[in-house]
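Working notes, beginning with the structure itself.
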Amino acid sequence: MNNIAITLHNFIIENFGIDINLSLAISYFLIALIFWSFLGVIGGLLTFLERRVAGRIQSRIGPNRVGPQGIFQMLADGIKLVLKEDLIPALADKPLFRMAPYLCVIGVFSALVVIPFSSDIVVADLNVGVLYALAITTMVVMGILMGSWASNNKWSLLGGLRSAAQIVSYEIPAALSVLSIVLITGSLSMQDIIRAQGAWPHQWFFFHNPGTFVAFFIFFTSALAENNRVPFDIPEAESELVAGYNTEYSGMRFSFFFLAEFANVFIISSLAVIFFFGGWQIPHFLISENHIITNIIMIANFLFKTFVFIFIVLWLRWTLPRLRVDQLMTMCWKYLIPISFICLCITASFVLFFGGKSMIAVFIGRITQ
Amino acid sequence: MREDIIQYFRNIKYAVTSVPKGMMVTLKNMFREPTTIQYPDRIPQKIEDTLPLNYRGHLEVEKEICTGCLLCEKFCPIDCIRIDVHKEETGRVLHSFKIDMAKCMYCGLCVPPCPTDAIRFTRKFEGSTYDIKSLLFEFIDTPTPVYKPNRDKDKKEEA
Amino acid sequence: MYELEKNNDNTMTLNMGPHHPSTHGVLRFILEMDGEIILSVKPDVGYLHRSIEKIGERVTYPAFMPYTDRVDYVAAANCNVGYALAVEKLMGIETPERAQYLRVIVSELNRIISHLLMTGVLAMDLGAYTPFLHAVREREKINDIFEILCGARLTYNLATIGGMPFDIKETTIRKCLEILEGLKKFLKEFDDLVTNNAIFISRLANIGVIDKETAKAFMLSGPNLRAAGAHWDLRKNETYFLYDRFKFDIAVGSGKAGTLGDSYDRFSVRMKEIETSISILEQAFKSLPSGEVQAKLPKTLKPPKGEVYVRTESARGELGYYIISDGTAKASRIKIRTGSFAAISILDKIGRGLMLSDLVAFMASLDLIAPEIDR
């Protein structure tokens with residue numbers, strides 16, 4: 001029972017007895033709707049969180065007027081952006097200009113398909129889940145490049161070109177560091193990766209061996225870079241490129257770019273949790289007879305860990321200055337890629353010599369012998 | 001070549017050690033009280049009351065003690081003070097004393113020359129308005145004879 | 001799609017400003033770019049021209065004082081006391097000792113304000129927004145002191161010809177010392193957050209290297225010149241007010257992150273100057289003499305015929321006032337020499353070959369202030 005859309009489909013078939021194809025379509029549509037609106041809300045929540053965290057870091061208060069502690073600020077922002085005039089420059093390439101934000105959003109939101117929130121709640125547990133997640137998020141670069149070219153603005157173009165170079169390069173260390181996880185589990189399915197870990201820290205892949213320990217930092221760094229977050233926000237770089245690729249965007253379309261970025265923060269944090277920190281795994285004593293309660297605890301656990309990483313992303317953003325374009329490439333090709341190769345080799349030797357056991361397990365084994 | 005390799009690892013070490021240091025600073029700041037206040041409505045006391053006494057806010061004129069000497073008008077670098085004094089049978093009479101606060105640059109040059117401290121600064125600073133004409137302050141509503149200080153009395157006090 | 005130069009098909013003309021986020025006011029640059037590399041920089045100044053020098057010929061000598069605030073609003077006190085000094089020299093007025101001390105105090109406080117803003121803005125131009133707000137937070141505390149002293153926070157107008165219009169109270173001195181103690185702690189924190197950060201160093205080291213000869217050739221002054229390794233500080237070399245009574249070292253670039261005279265040096269010279277200013281202030285507060293703060297002057301100031309050039313060390317380098325008097329109450333000509341205007345001329349020479357991101361960092365490290373360029 002690892003696909004809730006199918007579960008829902010079976011439920012509809014049993015209770016309403018409609019056509020199989022129609023029922024499949026309905027169930028997938030409903031699930032997609034729920035998950036997408038969930039990510040939309042999360043994205044909005046993150047914009048609020050970011051402003052509050054930034055406020056406190058900078059000795060300010062941050063938005064606190066709309067609703068309790070300002071939690072509905074995201075709604076106010078959203079309404080404002082939707083109501084704003086949607087400007088399209090006269091000399092812009094209009095179809096591309098219109099399409100670009102949607103591509104970004106689709107690229108990010110599609111990654112949600114393979115993210116397991118609990119042992120049962122996942123839209124589709126693909127057997128190539130890792131590959132899918134890494135590949136589909138790269139679609140963002142097409143949106144950014146398209147938008148920047150179509151804007152017919154030199155600053156936008158510079159931002160788009162920077163972004164293309166950056167995202168494509170950083171795909172490599174990200175994939176390489178995830179590869180060491182795949183080596184241990186021998187599977188590309190997200191659920192398999194999580195099941196191979198445990199609830200306690202010593203069972204996480206983060207502490208599996210020195211290779212995966214370093215691989216996590218490389219994965220996190222390159223995921224940040226893929227998401228154009230500080231210190232890698234050179235495509236936007238407001239002090240250099242005005243606003244980079246979204247200089248000419250306003251209103252609704254701008255908010256889509258914005259939403260895609262923040263949804264992507266959630267995606268990369270959840271990927272980090274899934275690959276290195278045990279995902280939804282909860283200790284045995286918390287697993288109860290009731291399926292629903294177990295699932296809720298799992299989801300809470302998963303979301304808690306994810307929000308810790310989201311906080312780190314925000315924290316980093318308000319601490320570090322940004323790198324230069326060539327330094328960014330140097331960091332990727334000269335530092336991250338060789339180190340991730342070394343991590344891969346270390347993990348491979350661990351798998352080879354200790355049969356995939358974690359470093360701690362091996363150590364405990366030695367002591368008890 | 002060897003130096004390059006050493007430099008390579010030094011770079012990694014420096015990046016790995018210096019970034020957490022900066023992050024600790026921002027984390028420390030996160031748990032400090034914010035220094036900003038929620039102007040204008042959620043403040044413990046009015047901002048005007050927290051300002052020092054010599055704050056250069058809006059100008060005010062006390063017409064009863066204005067001598068009509070026109071020194072402030074003369075000292076103003078941007079001519080934002082307009083005083084109308086007419087000679088009538090009873091003596092000199094102030095007909096209007098206008099200060100254009102929209103033009104005023106709060107330099108404070110008009111205040112020290114005043115012999116009676118009739119023109120002085122208040123601690124008011126909130127001047128935003130929808131109509132710029134409302135910033136043209138008129139301090140004389142009815143024609144007022146100018147104040148004549150009793151010279152002998154002042155001299156006695158000084159002595 | 002893009003308008004290409006007819007001579008060379010591979011370059012792109014990029015218009016940076018006048019409302020670009022990192023040009024610090026309204027300043028415009030016409031860049032010729034090859035991708036991200038800059039081939040030439042053409043500064044286009046004048047968007048903020050308020051003809052202050054011409055106004056100086058229209059108003060009386062004391063009435064020009066508030067206009068000097070607007071020359072460089074970040075270091076307004078330095079401009080005030082510089083102008084006061086120039087007119088005093090023209091008229092041959094002796095300023096009381098306590099007033100001179102007060103002038104030293106306000107100049108140094110203002111230098112701290114200005115340098116804090118510069119270091120914060122430099123960090124902001126490199127993409128870190130937090131250091132900027134932290135620096136502004138500390139800066140506001142010193143602005144509070146100015147508010148107590150003269151009643152204004154930004155455009156102080158705190159000098160009169162022949163002295164100072166206010167006196168400093170014991171409580172203010174105590175509060176000031178307290179703030180300086182806090183500032184020292186903040187500087188340590190700032191070192192961790194910015195100065196020693198790996199990314200920050202890599203963005204600034206070896207960027208926009210100005211050697212001593214070039215700096216002199218382009219008439220750079222102040223921190224920009226000192227960062228190039230020149231021991232030149234008007235407070236020491238051509239001492240004015242009573243700077244010769246204080247012990248302090250000239251902060252000179254050391255090239256510790258890369259080459260001597262790079263952007264990082266210009267940054268660190270300013271950080272060092274904040275510390276120097278703190279030490280001068282502490283000495284000044286300790287040895288503050290009592291007495292009058294205002295010299296006796298005639299009612300209308302009419303300097304004798306003649307001319308004078310007085311230069312002082314402002315936060316942005318040499319701030320010179322050249323005043324020609326024709327014997328009336330208004331100056332015949334006032335010319336203001338500012339540090340930023342000299343600094344902007346070097347952009348094309350050093351800016352060639354830099355990347356766009358470097359140009360932003362380089363510009364911020366020169367500490368350009370648009371109103372000071374245009375006046």
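Computed values, structure above
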read-out	value
Rounded, prolate or oblate (a/c below 1.5 giving rounded, otherwise prolate when a/b exceeds b/c) for region C:228-368 by Cα gyration tensor	oblate
For A:TRP36, A:TRP155, A:TRP200, order by how many other beta-carbon atoms lie within 10 Å, fewest first	A:TRP200, A:TRP36, A:TRP155
Positive-end extreme of charge dipole, the protein assembly as shown - chosen from A:GLY62, C:THR60, A:THR185 (charges on Cβ)	C:THR60
Region B:3-71 versus region A:111-188: alpha-carbon centroid distance in Å	40
Dipole moment magnitude, nearest 20 debye, the protein assembly as shown about Cα centre, only Lys, Arg, Asp, Glu C-beta charged	1640
Sites A:ILE172 and A:ASN64, calculated FRET efficiency, Cβ-Cβ separation with R0 45 Å, nearest 0.05	0.60
Residue mean of other protein chain beta carbons inside 10 Å, A:322-328	6
Footprinting exposure proxy for C:ASP34, C:ASP262 (fewest neighbouring C-beta atoms within 10 Å first)	C:ASP34, C:ASP262
Rounded tilt (10° steps) of C:97-125 against the dominant C-alpha axis of chain C	20
Acute angle (nearest 10 degrees) that the helix C:263-286 long axis makes with the longest principal axis of chain C, alpha-carbon atoms	20
Least to most buried among B:THR17, B:THR26 (fewest other Cβ within 10 Å first)	B:THR17, B:THR26
Quotient of C-alpha Rg and 2.2 N^0.38 Å, computed over the protein assembly as shown	1.13
Given chain A, longest segment not containing exposed loop GluC sites (Glu not before Pro) (DSSP; at most 13 other Cβ within 10 Å)	A:86-288
Cα-based Rg of region B:53-149 normalised by 2.2 N^0.38 Å, two decimals	1.06
Mean-position separation - Cα centroids, region A:220-240 and region B:98-154, in angstrom	55
Crossing angle, helix B:2-30 versus chain B [Cα axis fit, 0-90 degrees, rounded to tens]	50
Cα-Cα over 29 Å, subset of B:LYS21/C:LYS169; B:LYS74/C:LYS296; B:LYS13/C:LYS247; B:LYS46/B:LYS133	B:LYS21/C:LYS169; B:LYS13/C:LYS247
In region C:145-196, trypsin sites (Lys or Arg not before Pro) in a DSSP loop with at most 11 other beta-carbon atoms within 10 Å	C:LYS169
For region C:318-374 versus region C:105-184, the gap between their alpha-carbon centres in whole angstrom	22
Loop-located trypsin sites (Lys or Arg not before Pro) in region C:1-96, at most 11 other Cβ atoms within 10 Å (DSSP)	C:LYS6
Under 27 Å from the Cα of A:LYS84 - lysines, other chains or at least 8 residues apart	A:LYS94, A:LYS154
Ratio Rg/Rh, restricted to region A:91-368 and using Cα atoms, in which Rh is the Kirkwood radius	1.01
Computed over region A:1-83: relative contact order in percent, which uses C-alpha pairs under 8 Å that are six or more apart	17
Cβ-based charge dipole, region B:53-149, positive-most Cα from B:THR90, B:TYR147, B:PRO112	B:PRO112
Rounded to the nearest 20 debye, dipole of region A:91-368 from Cβ charges on Lys, Arg, Asp, Glu	340
Kirkwood hydrodynamic radius (C-alpha pairs) into Stokes-Einstein, region A:1-83, 37 °C and 0.692 mPa s, D in µm²/s	212
Relative contact order, percent, chain A [alpha-carbon distance under 8 Å, six or more residues apart]	22
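Throughout, read-outs are computed from the coordinates displayed, never taken from laboratory work. Nothing here was measured: the structure is a model prediction, and the numbers come from that model. Note: ideal-geometry Cβ built from the backbone for every residue, glycine included; neighbour counts use all protein chains shown.
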